[in-house]
Amino acid sequence: MAYSTLIIESGVARLTLNRPEVHNAFDDSLIAELNAHLEALHRQAEAGEVRAVVLGSEGKSFSAGADLNWMKRMVDYDLDDNLADSRKLAALMHGLDTLPCPTVCRVQGAAFGGAVGLAACCDIVIASGKAKFCLSEVKIGLSPAVISPYVQRALGERQMRRYALTAEVMDAEIALALGLVHLVVEHDKLDDEVDTLLATLLAGSPQAQRATKALMAAVAQAPDSDATREHTCQVIAKLRVSQEGQEGLSSFFEKRRPAWADSNNTPHASERRS
């Protein structure tokens, strides 16, 4: 039985955790599935076949973090086994974080433990007012180690120290104030807001979005250096002379929609659930 689903329609990939009976907790099988999906999505995004990815889940919880049965098995793992498991989770976070196309995380309920990492790895997070977030690891003698680079980037070092050490629950509004979430909406408006955001993303140039996402990652590594400044010049110069760059400029001056926008047809929530 598949623990996750991947549906691609009109250039939008919807990657959905599908273990509602255990609050979408993840184990080694789900991590393996998600890694396989992300590898395929990376290739499709590079080829321009996938314009955006929505990460979501079925049921009332986004994800409870690690599966209890998986954790029970870990008790008997030696150091090498634990390293192997951790590296697969690290690959999942890195794969999601580095997808070339824009990524949207749809959080309808509780996101605990590693699930906070999944949200932090996405470019944009839209949460229901019912959503809650918690770095719960220290309560069971563990640490949010693998997800820490991504969550700390979202929260900042000071807030990360607090919530990683206390395991306090952040409601949606606190997560919004701290920068983990970009938008909090009424629960029954969640899918509408995701669709609205997708329409906005699909109006942008696919090539420019891929280049911009890669640029942001590079700038974050060394924001003030000669190499970074030269890299930024190279990026904009190459985009200006590219086919999509020329089309974007021409359409702007000619007061028409660019070619990539005319090809988009994003399905609405009602269509997805029919």
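Out of the residues in region 8-55 that are in contact (Cβ under 8 Å) with a residue 60 or more places away in the chain, assigned to a strand (DSSP E or B) and surrounded by fewer than 21 Cβ atoms within 10 Å (Cβ to Cβ), which is farthest from the chain's Cα centre (by Cα)? Residue satisfying both the conditions and the ranking: GLU9. For VAL116, the conditions (1) touching a Pro at 6+ places or on another chain (Cβ under 8 Å); (2) outside any helix (DSSP H, G or I); (3) closer than 15 Å to ALA164 by Cβ; (4) of a type outside the set (S, T, N, Q) all hold with the exception of (2).
Within region 13-42, being more than 15 Å from CYS105 (Cβ to Cβ) and among the β-branched types (Val, Ile, Thr) holds for VAL22, ILE31. Selection over region 126-147 of residues that are within 17 Å of the chain's Cα centre (by Cα) and more than 22 Å from LEU183 (Cα to Cα) gives a count of 1. Restricted to region 250-274, and to residues there that are modelled with pLDDT of 85 or more and part of a helix (DSSP H, G or I), the residue that is nearest to LEU201 (Cα to Cα) is ALA261.
Among the residues of region 130-139, are any over 27 Å from VAL169 (Cβ atoms), open to solvent by less than 30 Å² (accessible area, probe 1.4 Å) and either in a helix (DSSP H, G or I) or touching a residue at least 24 places away in the same chain (Cβ under 8 Å) (or both)? Walk me through it before giving the result.
First, pick out the residues of region 130-139 that are over 27 Å from VAL169 (Cβ atoms): none.
Among the residues of region 130-139, not one is over 27 Å from VAL169 (Cβ atoms), open to solvent by less than 30 Å² (accessible area, probe 1.4 Å) and either in a helix (DSSP H, G or I) or touching a residue at least 24 places away in the same chain (Cβ under 8 Å) (or both), which makes the answer no.
The values are calculated or read from the model by the stated rules, or taken from the named source; none is laboratory data. In this text, all values refer to a predicted model and were calculated from it rather than measured experimentally. So basically every Cβ, Gly included, is an ideal-geometry build from the backbone, and we count neighbours across all protein chains shown. Just the protein is used for accessible areas: all its heavy atoms, side chains included, with ligands, DNA and RNA removed. Shrake-Rupley method; radii C 1.70, N 1.55, O 1.52, S 1.80 Å.
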